[in-house]
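Novice: First the structure, then my questions, so here it is.
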Amino acid sequence: MDQIFTLLSITLGAILANNFIFSQFLGICPFLGVSKKVDTAVGMGLAVTSGLGLASAVTSLVHKDSLVKFGLGFMQTVAFILVIASLVQFIEMFLQKSMPSLYTALGVYLPLITTNCAVLGVALLNIQNNYNFIESVVYGVTGGLGFLLAIVLFASIRERLVFADYPKSWEGFPIALVTAGLMALAFMGFSGLKVW
Amino acid sequence: MNIGKQFKEGLLTQNPVLVQVLGMCSTLAITTSFFNGLGMGVAVTIILTLSNVIISAIRKIVPDKIRIAMFIVVIAGFVTMVDLLLQAFVPALSESLGVFIPLIVVNCIILGRAEAFSYKNGIVASFFDGIFQGIGYTLVLLAMCIIREFLGKGSFGGGLLNGGAGIQIFPADYGVGMLTLPVGGFLTLACLIALMQWALSKNKK
């Protein structure tokens, strides 16, 4: 029973209160880069969610069963990034084969999941928070869902921003950052959310 | 090779954060006190310079297809070294930057410069590119830190001056507390990029 409550509080935290984008600042690059249209944003969000889930599962096993066992904890960063890079390669080949339209829509941002700080970040945070295997996977997947929520909301606001009237020098990234800032303010409201 | 031009590009016209919009995560996350910004900036500059030099040195023997993997291994090696050194000699900084030190591996500035510059240019040019891009990044971090710390908490040089508390310029109660929260990071960076775009467009005319 305790286990279920822990998992629930991890879920709520990762999606709302400690959202990767708005409170931990992980994965900002794809968040700003692939959020001009809702469809691509959904695709990116799903790709990141699966990437995060797989990465936290694999890195959790790698950490416990090989790095710690052989006293190689200091190789953590190098080992994790290599594991993640090959995982992303697999996702890429899978998408290319089975969902070519999504593959072309994501374009350059798919290989960029490798350098998405959220993916390496979640692996490191799992270790830092001492999560076991199940908790790690739940944290990864729900963190990804939080990212999906954030990027879809953000993309739908940005689609409407096209019609807004703002000074020329604010065009592009500045206005997007202001939007993200206001959304972060809204998400801050969830930080008081502690059920358990 | 033109060092003066590289200097100007790194600091202004091709500034990694304000113009190329790379490395946003760390820029937004750790710029809450002066010491954090300085430490992060110096760490990234060192790693960027070293990895630029090494990648430029091995660029002729690395096959094109696996170059990204090679870049990442080189960068991860240097990041691990810096991470361990910081843990050993500056534990306070290592603690307050936390997960963002190992995350330098995936800082797009370093991979971006490897791909866009040092894979195509000589060792000396890559060395200076690393230093100048690193300084450009550090300056933006410091600007963000100073703005957020001053307006948010009314202090200057937190973590470094006055035994870590920083010099209090006006009482913290009068500060805009929001600026020290994540929201403040987004808004401050938005203002800085807008300012940069304005300055660049004015320069062109």
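Conditions (1) surrounded by fewer than 22 Cβ atoms within 10 Å (Cβ to Cβ); (2) modelled with pLDDT of 85 or more; (3) assigned to a helix (DSSP H, G or I), marked per residue:
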site: A:Phe70; (1), (2), (3): yes, no, no
site: A:Ile81; (1), (2), (3): no, yes, yes
site: A:Thr115; (1), (2), (3): no, no, no
site: A:Val137; (1), (2), (3): yes, yes, yes
site: A:Gly146; (1), (2), (3): no, yes, yes
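Novice: Next question. Restricting to segment B:63-73, and then to whatever is surrounded by fewer than 20 Cβ atoms within 10 Å (Cβ to Cβ) and of a type outside the set (D, E, K, R), can you tell me which residue is farthest from the other protein chains (Cβ to nearest Cβ)?
Specialist: By that ranking, first place goes to B:Pro63.
Novice: Quick check on segment B:39-62. Is at least one of its residues modelled with pLDDT under 85, surrounded by 24 or more Cβ atoms within 10 Å (Cβ to Cβ) and among the small types (Gly, Ala, Ser)?
Specialist: Of segment B:39-62, the ones modelled with pLDDT under 85 are none.
For segment B:39-62, residues modelled with pLDDT under 85, surrounded by 24 or more Cβ atoms within 10 Å (Cβ to Cβ) and among the small types (Gly, Ala, Ser): absent.
Novice: Sticking with this structure for a sec: Going by the conditions given, is B:Leu28 more than 17 Å from B:Leu111 (Cα to Cα) and of a type in the set (A, V, I, L, M)?
Specialist: Yes, satisfied.
Novice: Any idea which of (1) more than 21 Å from A:Val137 (Cβ to Cβ); (2) more than 13 Å from chain B (Cβ to nearest Cβ) is the one A:Gly33 doesn't satisfy?
Specialist: Going through the list (1) more than 21 Å from A:Val137 (Cβ to Cβ); (2) more than 13 Å from chain B (Cβ to nearest Cβ), A:Gly33 breaks only (2).
Novice: What's the number of the condition A:Ser191 fails, among (1) within 13 Å of another protein chain (Cβ to nearest Cβ); (2) closer than 27 Å to B:Leu195 by Cα?
Specialist: Among (1) within 13 Å of another protein chain (Cβ to nearest Cβ); (2) closer than 27 Å to B:Leu195 by Cα, the lone unmet condition for A:Ser191 is (2).
Novice: Then there is this: Determine if segment A:44-53 includes at least one residue that is modelled with pLDDT of 85 or more and not in a helix (DSSP H, G or I).
Specialist: No, the conditions are met nowhere in segment A:44-53.
Novice: Next up: Give me the pairs, please: first residue somewhere in segment A:56-72 and within 21 Å of A:Val88 (Cα to Cα) and free of Cβ contacts under 8 Å to residues at least 40 places away in the same chain, second residue anywhere and part of a helix (DSSP H, G or I) and among the β-branched types (Val, Ile, Thr), beta-carbon distance under 6 Å, and either six or more positions apart or on two chains.
Specialist: Pairs that qualify, where the first residue is within 21 Å of A:Val88 (Cα to Cα) and free of Cβ contacts under 8 Å to residues at least 40 places away in the same chain and the partner is part of a helix (DSSP H, G or I) and among the β-branched types (Val, Ile, Thr), are A:Val58/A:Val83; A:Val62/A:Val83.
Novice: Moving on to the next point. Between B:Ile47, B:Ile104, which is at the interface with chain A (Cβ under 10 Å from one of its Cβ atoms), touching a residue at least 24 places away in the same chain (Cβ under 8 Å) and assigned to a helix (DSSP H, G or I)?
Specialist: Exactly one residue qualifies, and that residue is B:Ile104.
Novice: Taking the condition of being aliphatic (A, V, I, L, M), surrounded by fewer than 17 Cβ atoms within 10 Å (Cβ to Cβ) and modelled with pLDDT under 85, how many residues in segment A:56-68 meet it?
Specialist: 1
The values are calculated or read from the model by the stated rules, or taken from the named source; none is laboratory data. Please read all numbers here as calculations on a predicted model, not as lab measurements. Don't worry about glycine lacking a Cβ; one is built from the backbone with ideal geometry, like all the others, and counts go over all protein chains shown.
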